[in-house]
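Peer 1: Dropping a structure here in structure tokens format, bear with me for questions.
The values are calculated or read from the model by the stated rules, or taken from the named source; none is laboratory data. None of the values given here were measured: they were computed from a predicted structure. With ideal geometry, Cβ positions are generated from the backbone for all residues, glycine too; neighbour counts draw on all protein chains shown. All accessible areas refer to the heavy atoms of the entire protein, side chains included, with ligands and DNA or RNA removed. Shrake-Rupley method; radii C 1.70, N 1.55, O 1.52, S 1.80 Å.
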Amino acid sequence: MDQGSILDRRRLRRKLTFWRIVTLVVILLAVAGLFASLERGDAIGGKSAPHIARVTISGLITDNTELIKRLHTIGENDNVKAVIIRLNSPGGTSYGGEAIYKAVRELAERKPVVGDVRTLAASAAYMIACGTDYIVAGDTSIVGSIGVIFQYADVSELLGKIGISMEEIKSAPLKAEPSPFHPASAEAKAMIDSMIVDSYGWFVDLVAQRRGLSAADARKLGDGSVFTGRQAARNHLIDIVGGESEIRSYLAGKDVDKNLDIVDWEERKSSAEFFFGESATDMLTALRGGSLLLTKELKDLADRKLFLDGLVSVWQVGNTEE
């Protein structure tokens, strides 16, 4: 065989190898897409068939654009016949709760929406529950904590002990108040108190309107107290003590088939998380220059509400440190 024939065979072999690789990649992507579709419930059945959508809101509540978009998408999906908002949260920022509450109300104008309180729906989480048409909770679920709080630290005494002082030049006395570097002035406290009173009034009025309570009863219940599910039912903060059976019975009264599947509408994972998993994605982030330990540490700090800006509507018991 001459040299030209050998070169031609080599070129052909390289082309065949290239197209085999391309074909394999296409097949793998197609399979991955199928599994992704199954994971999202978009394949046969699931979200492509009539169903009851369930959205879980847990942990600390903050301004959550993704969740609000998800609720909007659910509202536009004709296959969704009703929605369950499952709550297991101590609350969070007042604005975060307000934004999600409004998204839930918008959703409820299109479809029946039920609030399913699990272990805990307090403060901003209860605010969101009030956005649903019907609230169900367990006998021993924790409900309530209607109120608003603003917390700030005063480390001036500590700084004085180690010989550090903070000097300030500002445009007006109330700028950047209250400050952790000196005790809050009476004017600063009055300013924050005014914000608290206004936000609290909005929250209590919302509860009174949505739960059919008088203003006096709503304020009486809105003293920050928490209630068991049974106590909350007696105080009309929820509609009934129960679970899935009670939810389906209520929805049946709204002409929603009791036999429909309940499909969880979860936050969609990124492509990296889908292919590699959360832990591997964290490692990839670190390899790209991110700090894995710092990222996890910041998340832990955020979960302890150290980075919550603005007014907070959250409930906690004693010391949350592990």
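Peer 1: Pick out the one residue from ASP217, ASP255, ASP193 that is assigned to a helix (DSSP H, G or I), closer than 23 Å to GLY131 by Cα and without any contact (Cβ under 8 Å) to a residue 24 or more places away in the chain. Walk me through how you get there before you give the answer.
Peer 2: Working: ASP255 fails: assigned to a helix (DSSP H, G or I); ASP193 fails: closer than 23 Å to GLY131 by Cα.
Going through ASP217, ASP255, ASP193 in turn, the sole match is ASP217.
Peer 1: Can you tell me which residue in the stretch 37-75 is surrounded by the fewest Cβ atoms within 10 Å (Cβ to Cβ), limited to those that are at pLDDT 95 or above and over 20 Å from the mean Cα position of the chain (by Cα)?
Peer 2: The selected residue is PRO50.
Peer 1: Still on this structure: In the set ILE149, ILE128, which member is touching a helix residue (DSSP H, G or I) at 6+ places or on another chain (Cβ under 6 Å) and either at pLDDT 95 or above or over 30 Å from SER245 (Cβ atoms) (or both)? Can you show your working first?
Peer 2: Details: ILE149 fails: touching a helix residue (DSSP H, G or I) at 6+ places or on another chain (Cβ under 6 Å).
Answer to the selection: ILE128.
Peer 1: Any idea how many residues of the stretch 131-143 are closer than 17 Å to GLN231 by Cβ and either open to solvent by 20 Å² or more (accessible area, probe 1.4 Å) or not hydroxyl-bearing (Ser, Thr, Tyr) (or both)? It would help to see each step written out before you state the result.
Peer 2: Step one: list which residues in the stretch 131-143 are closer than 17 Å to GLN231 by Cβ, which gives 135-143.
Right, trim to either open to solvent by 20 Å² or more (accessible area, probe 1.4 Å) or not hydroxyl-bearing (Ser, Thr, Tyr) (or both) and you get 135-140, 142-143.
The qualifying residues number 8.
Peer 1: For residues that are within 30 Å of THR119 (Cβ to Cβ) and in contact with a Pro (Cβ under 9 Å, 6 or more places away or on another chain), scanning just the stretch 144-155, find the one that is most open to solvent (accessible area, probe 1.4 Å).
Peer 2: The extreme case among them is TYR152.
Peer 1: Based on what the data block shows, is VAL114 under 18 Å from ARG211 (Cα atoms), modelled with pLDDT of 95 or more and in a strand (DSSP E or B)? If you could, list the steps in order and put the result at the bottom.
Peer 2: Numbers: under 18 Å from ARG211 (Cα atoms): yes; modelled with pLDDT of 95 or more: yes; in a strand (DSSP E or B): yes.
The answer is yes for VAL114.
Peer 1: Counting just the residues of the stretch 156-186 that are among the aliphatic types (A, V, I, L, M) and open to solvent by less than 50 Å² (accessible area, probe 1.4 Å), which one comes out nearest to ILE240 (Cα to Cα)?
Peer 2: So in the stretch 156-186, the residues among the aliphatic types (A, V, I, L, M) come out as 158-159, 162, 164, 166, 169, 172, 174, 176, 184, 186.
Within this subset, residues satisfying the condition of being open to solvent by less than 50 Å² (accessible area, probe 1.4 Å) are 159, 172, 184.
Values: LEU159: 52, ALA172: 52, ALA184: 45 Å.
For the stretch 156-186, the residue satisfying everything is ALA184.
Peer 1: Turning to a different aspect of this structure: Among (1) modelled with pLDDT of 90 or more; (2) over 30 Å from LEU237 (Cα atoms), which single condition is ILE142 missing?
Peer 2: Condition (2) is where ILE142 drops out.
Peer 1: Among the residues of the stretch 134-162, how many are farther than 26 Å from VAL197 by Cα, touching a residue at least 40 places away in the same chain (Cβ under 8 Å) and outside any strand (DSSP E or B)?
Peer 2: 4
Peer 1: Here's a follow-up. Which residues, taken from the stretch 44-75, are of a type in the set (Val, Ile, Thr) and more than 22 Å from GLU109 (Cα to Cα)? Even if it seems obvious, please write down each step before you answer.
Peer 2: As a first pass, look at the stretch 44-75 and keep what is of a type in the set (Val, Ile, Thr): 44, 52, 55-57, 61-62, 65, 68, 73-74.
ILE44, ILE61, THR62, listed by residue number.
Peer 1: Within the stretch 76-91, which residues are at negative phi and open to solvent by less than 30 Å² (accessible area, probe 1.4 Å)? Break it down stepwise before answering.
Peer 2: Applying the first criterion (at negative phi) to the stretch 76-91 yields 76-90.
Of everything in the stretch 76-91, those that are at negative phi and open to solvent by less than 30 Å² (accessible area, probe 1.4 Å) turn out to be VAL80, ALA82, VAL83, ILE84, ILE85, LEU87, SER89.
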